[in-house]
Amino acid sequence: MCYSPFARICHWGPITALGIIKLITAMTLHCSNMWWPRNTFGGQLNSIIFVSLSGLTLYNFLSSMYHGPGYLPPKWMPEKEEYCNYLQFCGVCHGYKAPRSHHCRKCGRCILKMDHHCPWINNCVGWGNHAHFTFFLTFASLGCSQASVILCSSLYRSIHRMHYIYLGQEPIIELGLYGMILCVFALGFSIGVVAAVGMLLYFQLRAILKNRTGIEDWIIEKATFRRRNTGEKFVFPYDLGFWENFRQVINFSCHPVGDGIHWPVVPDCDQFSFTLEQIHQKNEKRLKTRVYNIIRPASGYWFPITHGIRVCLSYPFTDETRIKLNVGDTVMVTRWRKHWLFGEKIQDDLPAGEESLLRSRGWFPRRCAVEVIEKNRNSDSRHNISNKKVK
């Protein structure tokens with residue numbers, strides 16, 4: 001899915017983020033001029049620091065949005081044809097996935113070193129904008145920390161301004177009704193940003209120092225689980241040490257290092273060590289696939305109240321889609337929860353060559369389906385069905 005520059009920002013995520021940045025900045029500067037006037041050296045320095053942090057936050061926010069994570073060209077192939085045997089094929093982009101690349105269904109493209117899709121920037125975080133995104137989190141946390149102190153002090157002095165009038169030694173802060181309401185909202189948002197964005201910054205810095213993305217963390221966890229009974233240890237090929245890992249992402253120019261396709265690896269590993277592990281995991285996933293028939297219609301709603309309150313309260317904590325199903329549909333299920341199932345609807349009537357584009361998969365309530373035991377007893381038959389229907 002391609003976005004124009006205007007369409008990229010016309011989304012609830014960027015609009016909300018820009019609104020929060022504007023509210024906190026405006027109220028902090030308004031209160032700061034009364035709390036610590038600019039005619040003093042300290043007040044001037046305080047304003048300069050906050051304006052710099054606010055400006056850098058906005059710059060890196062827009063840069064991470066518009067620079068983008070870097071995309072694989074459609075129908076991409078490696079330089080040597082024999083390398084195709086070690087790579088996964090993307091049926092949507094009609095090309096192979098380079099090492100560390102993943103397809104984003106929201107962007108509609110294969111993303112270089114994809115970490116996650118961030119709704120706040122309405123774009124993915126990956127190889128091309130990882131540095132800008134990290135700096136955005138850093139400056140937002142620092143700026144909102146300073147704003148929290150200014151707004152909290154200003155609010156306190158505004159409420160107790162009569163006490164300071166009699167003392168005559170402190171600046172008087174006057175906030176009307178609307179000013180008081182806006183100050184409370186700005187203070188709440190700034191504290192929330194410090195907590196939420198600060199936590200996200202911690203996870204991002206930890207991922208950078210380990211040279212792992214959020215998706216790769218999940219793959220490594222499954223790789224370790226696969227080897228739990230063998231005593232074999234899985235070696236992550238891209239972990240070059242804290243300093244080298246840090247240099248691959250963070251620099252003063254924020255320009256991405258390398259081409260996003262070829263990556264340095266540790267000894268005894270090659271460019272395809274990680275992709276081969278992914279292929280093995282996908283093959284095992286196909287073998288564990290179960291066939292289910294739909295006996296009750298699924299609406300595709302996130303909170304299907306008609307299926308009971310327990311189903312609504314135990315929904316999967318993920319932004320993956322919920323699919324609409326009708327009685328008689330057949331679904332290949334690959335993930336299970338207590339009250340939910342994740343699978344792909346088998347569609348025999350799709351036009352040739354458009355199966356990957358029109359595939360329908362997502363979560364649906366478990367009570368809508370029943371497992372087809374007869375087909376699941378024969379693993380070879382199930383594997384053939386999986387290879388035919390799930391691409």
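Since every read-out is calculated from the coordinates, none of them should be taken as a lab result. Everything numeric here is computed off the predicted structure, so don't read it as measured data. Here the Cβ positions follow ideal geometry from the backbone for every residue, glycine too, while neighbour counts run over all protein chains shown.
Can you tell me how much longer the chain between Arg226 and Arg247 gets when fully stretched, taken as 0.36 nm per residue apart minus their C-alpha distance, in nm with one decimal?
Details: separation 21, 0.36 × 21 = 7.56 nm, distance 3.15 nm.
Here the segment from Arg226 to Arg247 would lengthen by 4.4 nm.
Considering only Tyr71, Gln44, Tyr86, whose Cα is most displaced toward the positive end of the charge dipole of the range 1-98, charges sitting on Cβ of Lys, Arg (+1) and Asp, Glu (-1)?
Gln44
Treating only the Cβ atoms of Lys and Arg (+1) and Asp and Glu (-1) as charged, compute the dipole magnitude of the range 1-283 about its Cα centre; round to the nearest 20 debye. Don't skip to the answer; put the middle values down first.
Working: 23 positive and 16 negative charges, 100 e Å.
In debye, rounded to 20, the range 1-283 gives about 480.
Using the membrane-span-like helix rule (whole DSSP H runs, Cα extent along the own axis of at least 27 Å, mean Kyte-Doolittle hydropathy at least 1.0), which helices of the chain qualify? Before the final figure, lay out the partial values.
On the way: long enough: 12-35 (33 Å, 0.90); 41-67 (38 Å, 0.75); 130-159 (43 Å, 0.92); 177-210 (49 Å, 1.82).
Once both thresholds are applied, what remains is 177-210.
Debye calculation, C-alpha points only, no solvent: report log10 I(q)/I(0) for the chain at q = 0.14 Å⁻¹, in the same order as the q values.
-1.28
Can you list which of the GluC sites (Glu not before Pro) found in the range 57-162 are DSSP loop residues with at most 14 other C-beta atoms within 10 Å? Mind showing how you got there, number by number?
On the way: sites: Glu79, Glu81, Glu82; in loops: Glu79.
Listed in order of number, the matching sites are Glu79.
Compute, for the range 1-98, the length of the dipole vector about the Cα centre, with Cβ point charges of +1 (Lys, Arg) and -1 (Asp, Glu) only. Units Debye, rounded to 20. Kindly include the intermediate steps, with their values, before the conclusion.
Details: 6 positive and 3 negative charges, 63 e Å.
So the dipole magnitude of the range 1-98 works out to roughly 300 debye.
Give me the distance in nm between label points sitting 7 Å out from Cα along the Cα-to-Cβ direction at Ile373 and Arg296, one decimal.
If labels sit at Ile373 and Arg296, their model points lie 2.1 nm apart.
Using alpha carbon centroids, what distance separates the range 1-63 and the range 233-284, in Å?
About 35 Å separates the Cα centre of the range 1-63 from the one of the range 233-284.
Would you be so kind as to identify which of His255, Ile373, Gly19 lies farthest towards the positive end of the dipole of the chain, taking Lys and Arg as +1 and Asp and Glu as -1 on Cβ and the Cα centre as origin?
Value: Ile373.
7 Å from Cα along Cα→Cβ at both Leu205 and Glu284: what's the point-to-point distance in nm?
For Leu205 paired with Glu284, the spin-label model returns 3.4 nm.
For the range 17-116, state what percent of all Cα-Cα pairs lands in each successive 10 Å bin, counting from 0 Å until the bin that includes the largest distance.
Result returned by the calculation: 14, 28, 17, 14, 14, 10, 3, 0.
Report the calculated FRET efficiency for Glu81 and Phe303 (r = Cβ-Cβ distance, R0 = 56 Å), to the nearest 0.05. Please report the intermediate quantities before stating the final value.
Working: r = 49 Å, r/R0 = 0.87.
According to the calculation, E is roughly 0.70.
If the only charges are +1 at each Lys and Arg Cβ and -1 at each Asp and Glu Cβ, what is the size of the charge dipole of the range 225-291 around the Cα centre, to the nearest 20 debye?
Numbers: 10 positive and 8 negative charges, 135 e Å.
The dipole of the range 225-291 has a size of about 640 debye.
Distance in nm between label sites at Ala196 and Ile15, each 7 Å beyond Cα in the beta-carbon direction?
Taking the simple label geometry, Ala196 and Ile15 are separated by 1.7 nm.
In the range 270-335, what chymotrypsin sites (Phe, Trp or Tyr not before Pro) fall in a loop by DSSP, with at most 10 other Cβ atoms inside 10 Å?
Details: sites: Phe272, Phe274, Tyr292, Tyr301, Trp302, Phe317; in loops: Phe272, Tyr301, Trp302, Phe317.
Those that pass, being in a loop and sparsely packed, are Phe317.
Set the Förster distance to 22 Å, then compute FRET efficiency between Ile172 and Leu45 from the Cβ-Cβ distance, nearest 0.05.
Numbers: r = 22 Å, r/R0 = 0.98.
For R0 = 22 Å, the calculated efficiency reads 0.50.
Which pairs, out of Lys222/Lys282; Lys75/Lys345; Lys282/Lys338; Lys222/Lys288; Lys288/Lys324, put more than 19 Å between their alpha-carbon atoms? Don't jump to the answer; show the numbers that get you there.
Working: Lys222/Lys282 11 Å; Lys75/Lys345 26 Å; Lys282/Lys338 23 Å; Lys222/Lys288 14 Å; Lys288/Lys324 23 Å.
Correct reply: Lys75/Lys345; Lys282/Lys338; Lys288/Lys324.
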